[in-house]
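Working notes, structure below.
The values are calculated or read from the model by the stated rules, or taken from the named source; none is laboratory data. Everything numeric in this text was worked out from a predicted model, so none of it was measured. With ideal geometry, Cβ positions are generated from the backbone for all residues, glycine too; neighbour counts draw on all protein chains shown. The protein model used for the area step is the full one, side chains on, heavy atoms only, and it has no ligands, DNA or RNA in it. Shrake-Rupley method; radii C 1.70, N 1.55, O 1.52, S 1.80 Å.
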Amino acid sequence: KAVILAGGIGTRLRPLTYLVPKAMLPIGGKPLLEHTIRYLKEYNITEAIVCVAYLKTHIMEYFKDGKHLGVKIQYAEAETPLGTAGQLKTAEKHISETFLAMNGDIITSLNIRKLIQRHEEMGGTGTIALKKFEVPVPYGHIEVDANSTIQKFTEKPTLSFLANAGIYVLEPKIFQFIPPNQVASLETETFPALLKNGEKLNGYYEEAYWADIGTITDFERVDKEFLQNFMHKPQFKSP
């Protein structure tokens, strides 16, 4: 099963999200969430629990039980947004075994099959898909030794680092680390709590298309990229 976190307000996308939840914003003429569901279906994941809160009836009335998309959809409802961990917690009653979870505001071509294989090989409580970011530094970087003697000068380097891509393979045990009916974050609370408790978390990285629909600028860019690159190709699936 897959759990899709689609309960956020989308504050940075206002005024677009005053009347429409972020998951229903159109990318290439179809709701963002529909692309996510079709993407999962390409990997034979046909059961989804959609965690909803803000303007949730828009999502529930459009997708209903998912039959028209060839999938089975259930809803985990909250009255107000609860953060990534809090929203995930609402799906607990639907989960009894290893499951996939992902944020409902991303478009990606990440190979879900390989992510799951990585988790099966490594074990642990969860495996987190990673995204590489490269950020140019606007200043020269100076390295010094213990005596403050300059050893190296690099003009405007690029900082490269791995970050959370918002796609996970998780074990039901994770719910033990999330308080019920509270706003909580996977990134800043649950995952650090797992590590502190000695639980094993794995990372998985591959070169793949990835975009977060976080701002109006992101939305416009991703919609343009989708129309240019994906409209005449299979749904995001990596080989």
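Confirm whether residue 195 is in contact with a Ser or Thr (Cβ under 7 Å, 6 or more places away or on another chain) and either within 25 Å of residue 97 (Cβ to Cβ) or open to solvent by 50 Å² or more (accessible area, probe 1.4 Å) (or both). So residue 195 does not fit the description; no.
Of everything in the range 198-219, what is polar (S, T, N, Q) and at pLDDT 95 or above? Give them in sequence order. Of everything in the range 198-219, just one residue is polar (S, T, N, Q) and at pLDDT 95 or above, namely 202.
Could you check, for the range 127-140, whether at least one of its residues is within 25 Å of residue 187 (Cα to Cα), at pLDDT 95 or above, of a type in the set (Gly, Ala, Ser) and surrounded by 15 or more Cβ atoms within 10 Å (Cβ to Cβ)? Looking for residues that are within 25 Å of residue 187 (Cα to Cα), at pLDDT 95 or above, of a type in the set (Gly, Ala, Ser) and surrounded by 15 or more Cβ atoms within 10 Å (Cβ to Cβ), one finds at least one in the range 127-140, hence yes. Selection of the range 1-29 for residues being more than 22 Å from residue 73 (Cβ to Cβ) and polar (S, T, N, Q) yields only 11. The condition (being in contact with a Lys or Arg (Cβ under 7 Å, 6 or more places away or on another chain) and among the β-branched types (Val, Ile, Thr)) is satisfied by just one residue among 95, 59, 45, 73: 95.
From the set of residues in the range 16-40 that are part of a helix (DSSP H, G or I) and free of Cβ contacts under 8 Å to residues at least 60 places away in the same chain, which is surrounded by the most Cβ atoms within 10 Å (Cβ to Cβ)? Per the criteria, the residue is 37.
Quick one: in the range 141-167, which of the residues that are among the hydroxyl-bearing types (Ser, Thr, Tyr) and open to solvent by less than 80 Å² (accessible area, probe 1.4 Å) is nearest to residue 204 (Cα to Cα)? Explain how you work it out, then say what you get.
Restricting attention to the range 141-167, the residues satisfying the condition of being among the hydroxyl-bearing types (Ser, Thr, Tyr) are 148-149, 154, 158, 160.
Going one step further and asking which of them are open to solvent by less than 80 Å² (accessible area, probe 1.4 Å), we end up with 149, 154, 160.
Details: 149: 39, 154: 30, 160: 16 Å.
Within the range 141-167, the match that is nearest to residue 204 (Cα to Cα) is 160.
Going by what's in this entry, would residue 206 be described as open to solvent by less than 50 Å² (accessible area, probe 1.4 Å), among the charged types (D, E, K, R) and touching a Leu at 6+ places or on another chain (Cβ under 9 Å)? Explain how you work it out, then say what you get.
Details: open to solvent by less than 50 Å² (accessible area, probe 1.4 Å): yes; among the charged types (D, E, K, R): yes; touching a Leu at 6+ places or on another chain (Cβ under 9 Å): yes.
When the stated conditions are applied, residue 206 passes them.
Which members of the range 175-192 meet the condition of being among the hydroxyl-bearing types (Ser, Thr, Tyr), assigned to a helix (DSSP H, G or I) and either modelled with pLDDT of 95 or more or closer than 16 Å to residue 101 by Cα (or both)? Working first, answer last.
To start, the set of residues in the range 175-192 that are among the hydroxyl-bearing types (Ser, Thr, Tyr) comprises 185, 188, 190.
Remaining after also requiring assigned to a helix (DSSP H, G or I): 188, 190.
Once the filter is applied, which keeps residues that are among the hydroxyl-bearing types (Ser, Thr, Tyr), assigned to a helix (DSSP H, G or I) and either modelled with pLDDT of 95 or more or closer than 16 Å to residue 101 by Cα (or both), the range 175-192 yields only 190.
Could you list, in sequence order, the residues of the range 54-89 that are outside any helix (DSSP H, G or I), open to solvent by less than 30 Å² (accessible area, probe 1.4 Å) and touching a Cys at 6+ places or on another chain (Cβ under 9 Å)? Selection gives 76, 78, 82.
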